[in-house]
Amino acid sequence: MKEQILVIVKPDGMIKGHAGHVLTRFEETDLRLIGARVVKVTEELAQAHYHHLCDKPFFGELIHFLMGDLHNHQDLVLAMAFTGDDAVKKGREIAGATNPELADPHSIRGSMGRVTTKGVFENVIHVSSDPVEGEREIKLWFTPEEIAMDLFSTTTSGHRKVWA
Ligand code: UDP
Ligand code: MG
């Protein structure tokens with residue numbers, strides 16, 4: 001089934017120069033890149049992105065992590081949208097398990113991630129966990145104009161196209 005996913009190269013991946021490798025790994029699949037932008041992560045965006053984890057003990061640390069506060073204020077991340085058959089399964093296979101120490105060593109997280117001495121998972125990339133989240137996250141990180149195909153329905157607000 002055709003699905004859409006958001007992939008983010010997180011601040012640890014950006015500061016270590018892994019963005020190109022991540023893109024290469026995704027290009028080796030049959031998934032289609034339909035949007036890409038460098039995004040400055042605000043607290044508001046980070047909290048909206050991870051809103052479902054807000055009651056977890058690591059939430060505060062996670063928001064700081066995504067904002068680059070743990071990586072020399074590397075607050076620019078690379079956000080990408082992909083579409084294709086079984087995009088969630090393919091994307092999460094490339095990513096590997098959430099905990100880099102448990103991830104397949106050939107996966108991005110297993111080969112490039114680490115758990116810090118403070119217990120923070122530096123796991124290099126985000127990949128949407130299911131198609132519903134994929135849609136929500138793409139709509140959060142991209143405007144309709146930034147997605148190079150008609151993906152989800154839109155409406156107009158003033159002169160601008162917005163997600164319906
Ligand atoms: N995370 C963490 N410690 C945990 C679980 C999650 O630091 O015990 C962080 C990690 O960066 C992870 C993110 O929270 O990628 C989102 O968690 P989720 O369970 O959604 O994992 P993912 O979908 O990224 O594999
Ligand atoms: Mg998740």
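Okay, here's what the table says:
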{"read-out": "Assigned charges on the beta-carbon of Lys, Arg, Asp, Glu; region 1-63 dipole about Cα centre (debye)", "value": "160 debye"}
{"read-out": "Positive minus negative residues near Glu61 (Lys, Arg vs Asp, Glu; Cβ under 12 Å)", "value": "0"}
{"read-out": "Mean Cα-pair separation over length for region 113-164, i.e. relative contact order, pairs under 8 Å, 6 or more apart, %", "value": "21 percent"}
{"read-out": "Gain upon complete extension [Leu140, His106; 0.36 nm per residue less C-alpha separation]", "value": "9.2 nm"}
{"read-out": "Inter-probe distance in nm under a simple model that places probes 7 Å from Cα toward Cβ, at Gln47 and His21", "value": "3.4 nm"}
{"read-out": "Helix axis angle, 131-141 relative to the chain longest principal axis, alpha carbon, degrees", "value": "80 degrees"}
{"read-out": "Close Lys-Lys pairs in the chain, where close means Cα under 19 Å and separation is 8 or more or interchain", "value": "11"}
{"read-out": "Inter-site label distance for Phe152 and Asn72 at 7 Å from Cα along Cβ, in nm", "value": "3.5 nm"}
{"read-out": "Contour minus Cα-Cα distance for Phe59 and Thr98 (0.36 nm per residue)", "value": "12.6 nm"}
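Computed from the coordinates by the stated procedures, all read-outs in this text should not be read as laboratory data. Just so it is clear, the model here is predicted, and its values are computed rather than measured. We place every Cβ from the backbone using ideal geometry, glycine too, and count neighbours over all the protein chains shown.
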